[in-house]
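> Have a look at this one before I ask anything.
The values are calculated or read from the model by the stated rules, or taken from the named source; none is laboratory data. These figures come from a predicted structure and were not determined experimentally. As a convention, Cβ positions derive from the backbone with ideal geometry for all residues, glycine included, and neighbour counts pool all protein chains shown.
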Amino acid sequence: MSTRALFKTVRRSAFGVHATADLLCSAFLIFFAATVSAQADAFLPHTIGTTWEYAQTGAEPSRFTVRVAGEENLDVKDLLRLETTADDHLIQVQFISVDEQGVLMHGRRSTAGEVATFKPPRVLLPVPLQPGTKWELEDDVAGTTMHQLFTAGAEETVTVPAGEFHAYKLHCEQPWPLSISIDRWFAPGTGFVKEITATRGPGGRLLSRVTTVLTKFEAGPPAPEPPPSAMISLANATPAPKPKLTLEVAAERDGPPVATFPSDAPNIYVHWSGEHLKLYSIVRVAWVVEDVGEVAEPNFVVDENETEITERDFEARFVLSRPKDGWAAGKYRLELYLDDALKSEIGVFITEMHSPGAKSRSVPKN
């Protein structure tokens, strides 16, 4: 109907889902395997006792650990056994090998002791890995088997709590039955350091997002636990301050907050700020229709912007730019989300006021 309104940010990192804990523990974490060869060890560490610790937002558990726990025979084949735990509870066990085909998953064991084997084994990561490499994978996502097509991109510099890594970006798009996009960053010699999985509904509305980052990596036997006398009692620790977010909209960049705009307003300025935010969490701002008559249905998402938090005190500014034929008169709202939880919203009114000769107004399309 008309050109879409644009979001513009002065400080942003855009990301794009929802993955359940099963997805993360099976499709993402099971990649951490290697053979006993020196070449495989340089590609993916495999020494028994090697651990990867992760933090994630958008799904439970919020923290989990993957550990090379040992070797186990499955169908007359010795395989590496990877154990995923959260809060000292075993979530899942995967059986992995690496050969000339790449990193393969031969089976997995549930917490109930049930073993599922895959014949032929599933190719989780091809070898060699280089930009442009494509591979297909049948795996379970939220209890449903999905066909996935991954493509390897160029190496990027990725910063996570565990440090800075040079990692290949691996991308997958799954259009049905839900629109799912998966981005993973794999650093040779370490493993997976980051993943972002996003799920969108039929209208393109973001349903959920899970962001996972590496917080700690240790090769070989884990370090001994510190004595109890050296540990801080959580009962006596000062609780972290709660996140605080504010949202404002104005007719000028540094103007006072307003809620009503004429339909020929050139720009609508959006500003949000936050304090005590969790690092690597996601703040999302959505521009949503409430009532513009027959121009668009209620709750239609005109546009949205997402920002990854890299500092605990953070702010950003966005500009909603007027379409060529003007704004559709009616009622809108701005929604502010922190890790997909609604934290604030502001009602915005567009009135039928415009310069002489202006054409009819419409809502920008996605």
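> How about the range 159-171: which of its residues are surrounded by fewer than 19 Cβ atoms within 10 Å (Cβ to Cβ) and within 16 Å of the chain's Cα centre (by Cα)?
159, 161, 169, 171
Rundown of residues vs (1) at pLDDT 90 or above; (2) surrounded by 17 or more Cβ atoms within 10 Å (Cβ to Cβ); (3) among the polar types (S, T, N, Q); (4) more than 24 Å from the chain's Cα centre (by Cα), yes/no style:
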{"position": "73", "(1), (2), (3), (4)": "no, no, yes, yes"}
{"position": "77", "(1), (2), (3), (4)": "no, no, no, yes"}
{"position": "80", "(1), (2), (3), (4)": "no, yes, no, yes"}
{"position": "93", "(1), (2), (3), (4)": "yes, yes, no, no"}
{"position": "99", "(1), (2), (3), (4)": "no, no, no, yes"}
{"position": "109", "(1), (2), (3), (4)": "no, yes, no, yes"}
{"position": "136", "(1), (2), (3), (4)": "no, no, no, no"}
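> Follow-up. Return only the number of the condition from (1) crowded, with 18+ Cβ neighbours inside 10 Å; (2) over 15 Å from residue 246 (Cβ atoms); (3) of a type in the set (Lys, Arg) that residue 317 does not satisfy.
(2)
> Of all residues in the range 277-292, which are modelled with pLDDT of 90 or more and either more than 20 Å from residue 206 (Cα to Cα) or of a type in the set (Phe, Trp, Tyr) (or both)?
287, 291, 292
> Can we say residue 317 is assigned to a loop (DSSP other than H, G, I, E, B) and basic (Lys, Arg)?
Criteria not met by residue 317.
> Sticking with this structure for a sec: Has the range 295-309 got at least one residue that is more than 27 Å from the chain's Cα centre (by Cα), at pLDDT below 90 and among the aliphatic types (A, V, I, L, M)?
yes
One line per residue, one yes/no per condition, for (1) out of contact with any Ser or Thr (no Cβ under 7 Å at 6 or more places or on another chain); (2) assigned to a strand (DSSP E or B):
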| residue | (1), (2) |
| --- | --- |
| 65 | no, yes |
| 71 | yes, yes |
| 95 | yes, yes |
| 113 | yes, no |
| 121 | yes, yes |
| 124 | yes, yes |
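> Is one or more of the residues making up the range 331-350 at pLDDT below 90, among the hydrophobic types (A, V, I, L, M, F, W, C) and part of a loop (DSSP other than H, G, I, E, B)?
No, the range 331-350 contains no residue that is at pLDDT below 90, among the hydrophobic types (A, V, I, L, M, F, W, C) and part of a loop (DSSP other than H, G, I, E, B).
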